[in-house]
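Every number in this text was worked out from the coordinates using simple rules, so none of it is lab data. Keep in mind that this is a model prediction, so the values were computed, not measured. Backbone-built Cβ (ideal geometry, glycine too); neighbour counts: all protein chains shown.
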Amino acid sequence: VSMSTLKVNAITETDGSAFPFGKVLQAVSTTKTDHFSTTSSSLVEVTGLNVSITPSAATSKIHLNIDVSVGGATAYVGFNIKRDSTLIAVSTAPSNSGSHDASFGQVIVQYSGIKNSGFNFLDTPNTTSAITYKVFVISQYNNQTVNINRTYNTTNNLFDQGGCSTITAMEVAAWVN
């Protein structure tokens, strides 16, 4: 089998305009290894699970990749994201009375073990100022305890494990149109 190599100086659209490539300009990430706990039925910021980035162009997009380790005792857990003080990527699906419109989650955790909840989102902040993305959590059922990076118990049993949570923001150059 013979292999071929394609070498070009440029790729253009049929009308001669630049081909729409995007590329990652920068990436920043935060890993949370310590424990966080709440019983709040209102949004609470997960301390230490945030990331700041300064876009180099107002046309840039920010790709968020979030992974949260969560444990609890029959807890229904929802997560939201804020860009600075503004909620982003919030569900607009009709919710039942008393329920919460989350960005991601609806994780149901029960006693031992940790579940991971992940989320990817492409944001358009339209700024060159520094921005901070923050993760918020809510206990959606009878104010049950929600643990980030830990199971329900702290008794050092073999099944009582810890975890890590991460948030990564990547600036992506806008596609040329």
All-pairs alpha carbon distance profile, the range 1-76, 10 Å steps from 0, percent:
11, 26, 22, 18, 12, 10, 1
Excluding C164 itself, calculate the net charge of residues whose Cβ lies under 13 Å from the Cβ of C164, where each Lys or Arg counts +1 and each Asp or Glu counts -1.
0
